[in-house]
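Enquirer: Take this structure first; my questions come after.
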Amino acid sequence: MITVQNTQKIREISEAVREKLPDFVSKHVPSRLPTFGKGTSNYPYAVTRIRAMRVKLFPRDAYPRFMNMSLDEITRKIGESEYKQDVDELSREYSGINLIEHALNRNMAVSFQKVLRITEGELHELILEYLRIFDIEDIKTILRGKLHDISEDQILQTLVTGGVLRYTFLSGLVSKSLEEIIASFSDSPYGPILKKFDGTNLPEIENELDKFYYENLFEAVGFPGSADRKQFDQFVRREIDIKNLSLLLRVKKYEAIASAGMPENTCVVENTPSMIIPHGFALDTDKLKDLCYDDFIEAIRFTPYWDAVGPVLDGKDLASASLTEAEARLTRYNLTKATENSRRFLISIIPILEYIIYKSNEVRNLRIIVRGKSVGMDSDLIKDRLVIL
């Protein structure tokens, strides 16, 4: 009989089976474990463990030091940190930037799997659903790579496998054709969306995958009656706002560049409103659709996100505005809000979500530094892309 006490053992066995038999698993093994009721969540234990993991992240003053190091020095420094085991084991197969990329991604995946192992009940289910975003991103990465003839090694370097889909399964897809990749997901929840891919509509497919992810996430949250679910709900909705604003910033910059001589407030990308992800926090769907046609900078001035992007946009031509800096500022805003709420709600799901996005950001920062240095990018350009709190 399955009880709460042996849930952890079942989870470990399930994970081991899924790792060894990815192709079989993708069709036959359910991706979720049963939830045993709201009373089985282990918030105090999980949050304590997560805070211990949070302390091991690189402090903010580590990044200026990384900027002054060579690639070999960065590799050595990373190899002396929380990433040591990953660097040591992968050094048998990789070296240089390839070693760093693979070590960063594997460590992040292992860290998120650890988060799942130490959470139980409703808490585990919510975190599991949240981490599926990495499945979506990995699927997009593989499709983009295959579509643009990116080498298999380069695609593998960017796989994170922080969600349900394991590296063994995803890496096996990289050597397949686009048709075979889509067929591999035919019996999965992503199958109906991927079947619409015709080789020319990847942005639309990616957008549908994002919408599918958030719809399923809100279905898992249900009615946010408890304080914890309300915080989770707001956390996710704020992420949606930032995703939508990033989309509109790109669209409006493209319009500013492409629509010279066209009437004002013309929406060059006609299907932009259909690409907006619903259920935002401060920006509902109607408001975002208005932003598509209104004076974008003036309209965004009256949103909670103006303090983040205002310095990049205020008094400037959108055609010359730095999207990289704007998106970095939005990411920093999201991290700041997560930290504020984590301090307010000490024993809740928020400290765990905070760790996930901080860990993701650490890997993102380190990847930007090593990639930038490997191609001789100017230090100021690298710094502009980093998000440091």
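Enquirer: Which residues, counting only those in the range 66-91, are open to solvent by 50 Å² or more (accessible area, probe 1.4 Å) and either under 19 Å from residue 168 (Cβ atoms) or in a loop (DSSP other than H, G, I, E, B) (or both)?
Expert: 68, 70, 80, 82, 85, 89, 91
Enquirer: Can you tell me which residue is nearest to the chain's Cα centre (by Cα) among those in the range 185-196 that are of a type in the set (Gly, Ala, Ser) and not in a helix (DSSP H, G or I)? If you could, list the steps in order and put the result at the bottom.
Expert: Of the residues in the range 185-196, the ones of a type in the set (Gly, Ala, Ser) are 186, 188, 191.
Still in the running and not in a helix (DSSP H, G or I): 186, 188.
Details: 186: 24, 188: 21 Å.
Within the range 185-196, the match that is nearest to the chain's Cα centre (by Cα) is 188.
Enquirer: Given the conditions (1) touching a residue at least 60 places away in the same chain (Cβ under 8 Å); (2) aliphatic (A, V, I, L, M); (3) not in a helix (DSSP H, G or I), report the number of the one that residue 50 does not fulfil.
Expert: Going through (1) touching a residue at least 60 places away in the same chain (Cβ under 8 Å); (2) aliphatic (A, V, I, L, M); (3) not in a helix (DSSP H, G or I) one by one, residue 50 breaks only (3).
Enquirer: Does the range 167-179 contain at least one residue that is on the phi > 0 side of the Ramachandran plot and acidic (Asp, Glu)? Full working, then the answer.
Expert: The initial filter retains those residues of the range 167-179 that are on the phi > 0 side of the Ramachandran plot, namely none.
No, the range 167-179 contains no residue that is on the phi > 0 side of the Ramachandran plot and acidic (Asp, Glu).
Rundown of residues vs (1) closer than 30 Å to residue 75 by Cβ; (2) β-branched (Val, Ile, Thr); (3) more than 16 Å from the chain's Cα centre (by Cα), yes/no style:
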| position | (1), (2), (3) |
| --- | --- |
| 283 | no, no, yes |
| 307 | no, no, yes |
| 348 | no, no, yes |
| 367 | yes, no, no |
| 374 | yes, no, yes |
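Enquirer: Only one residue in 94, 63 is among the aromatic types (Phe, Trp, Tyr) and either within 17 Å of residue 361 (Cβ to Cβ) or open to solvent by 70 Å² or more (accessible area, probe 1.4 Å) (or both), so which one is that? I'd like the intermediate steps shown before the answer.
Expert: Working: 94 fails: either within 17 Å of residue 361 (Cβ to Cβ) or open to solvent by 70 Å² or more (accessible area, probe 1.4 Å) (or both).
Answer to the check: 63.
Enquirer: If you don't mind, another one. Could you list all residues from the range 166-220 that are of a type in the set (D, E, K, R), over 16 Å from residue 144 (Cα atoms) and out of contact with any Ser or Thr (no Cβ under 8 Å at 6 or more places or on another chain)? Can you show your working first?
Expert: Here is the first cut: in the range 166-220, the residues of a type in the set (D, E, K, R) are 166, 176, 179-180, 187, 195-196, 198, 204, 206, 208, 210-211, 215, 219.
Within this subset, residues satisfying the condition of being over 16 Å from residue 144 (Cα atoms) are 166, 187, 211, 215, 219.
Across the range 166-220, the qualifying residues are 166, 211, 215, 219.
Enquirer: Considering only helices (runs of 4 or more DSSP H) fully contained in the range 267-367, which possess at least 2 residues that are hydrophobic (A, V, I, L, M, F, W, C)? Quick ask: steps written out before the conclusion?
Expert: Working: elements: 272-275, 285-293, 296-300, 306-313, 323-344.
In the range 267-367, 285-293, 296-300, 306-313, 323-344 are the helices (runs of 4 or more DSSP H) which contain 2 or more residues that are hydrophobic (A, V, I, L, M, F, W, C).
Enquirer: Just wondering, is there one or more residues in the range 45-59 that are modelled with pLDDT of 50 or more and among the hydroxyl-bearing types (Ser, Thr, Tyr)? Working first, answer last.
Expert: First, pick out the residues of the range 45-59 that are modelled with pLDDT of 50 or more: 45-59.
With the extra rule that they be among the hydroxyl-bearing types (Ser, Thr, Tyr), the set shrinks to 45, 48.
Yes, the range 45-59 has at least one match.
Listed here are the residues, each with its yes/no results for (1) in a helix (DSSP H, G or I); (2) free of Cβ contacts under 8 Å to residues at least 40 places away in the same chain.
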position	(1), (2)
149	no, yes
155	yes, yes
162	no, no
179	yes, yes
183	yes, yes
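Enquirer: Across the range 340-374, what is the number of residues that are in contact with a Phe, Trp or Tyr (Cβ under 7 Å, 6 or more places away or on another chain) and open to solvent by 30 Å² or more (accessible area, probe 1.4 Å)?
Expert: Matching residues across the range 340-374 total 1.
Enquirer: Also, quick follow-up: For the range 153-175, check the following and say yes or no: at least one residue is at pLDDT 95 or above and among the charged types (D, E, K, R).
Expert: No - not one qualifying residue is present in the range 153-175.
Enquirer: Still on this structure, please answer the following. May I ask you to list pairs of residues, at least six apart or on different chains, whose Cβ atoms are under 8 Å apart, with the first in the range 116-136 being farther than 18 Å from residue 361 by Cα and the second being in a loop (DSSP other than H, G, I, E, B) and of a type in the set (D, E, K, R)?
Expert: Close Cβ pairs (under 8 Å, with a partner that is in a loop (DSSP other than H, G, I, E, B) and of a type in the set (D, E, K, R)) amount to 125/32; 128/32.
Enquirer: Now for a separate question. Looking only at the range 290-304, decide whether some residue is under 22 Å from the mean Cα position of the chain (by Cα) and open to solvent by less than 60 Å² (accessible area, probe 1.4 Å).
Expert: Checked against the condition, which is being under 22 Å from the mean Cα position of the chain (by Cα) and open to solvent by less than 60 Å² (accessible area, probe 1.4 Å), the range 290-304 yields no hits at all.
Enquirer: Are any of the residues in the range 135-150 hydroxyl-bearing (Ser, Thr, Tyr) and open to solvent by 10 Å² or more (accessible area, probe 1.4 Å)?
Expert: Start the filter on the range 135-150 by keeping residues that are hydroxyl-bearing (Ser, Thr, Tyr), which leaves 141.
With the extra rule that they be open to solvent by 10 Å² or more (accessible area, probe 1.4 Å), the set shrinks to 141.
The answer is yes, given that some residue of the range 135-150 is hydroxyl-bearing (Ser, Thr, Tyr) and open to solvent by 10 Å² or more (accessible area, probe 1.4 Å).
Enquirer: It is to be established whether one or more residues within the range 113-127 are part of a helix (DSSP H, G or I), modelled with pLDDT of 95 or more and charged (D, E, K, R).
Expert: Taking every residue of the range 113-127 in turn, at least one turns out to be part of a helix (DSSP H, G or I), modelled with pLDDT of 95 or more and charged (D, E, K, R).
The values are calculated or read from the model by the stated rules, or taken from the named source; none is laboratory data. These numbers come from a predicted model, not from an experiment. Every residue, glycine as well, gets a Cβ built from its backbone with ideal geometry; the counts of neighbours run over all protein chains shown. Areas reflect the complete protein model, heavy atoms only, side chains present, ligands, DNA and RNA absent. Shrake-Rupley method; radii C 1.70, N 1.55, O 1.52, S 1.80 Å.
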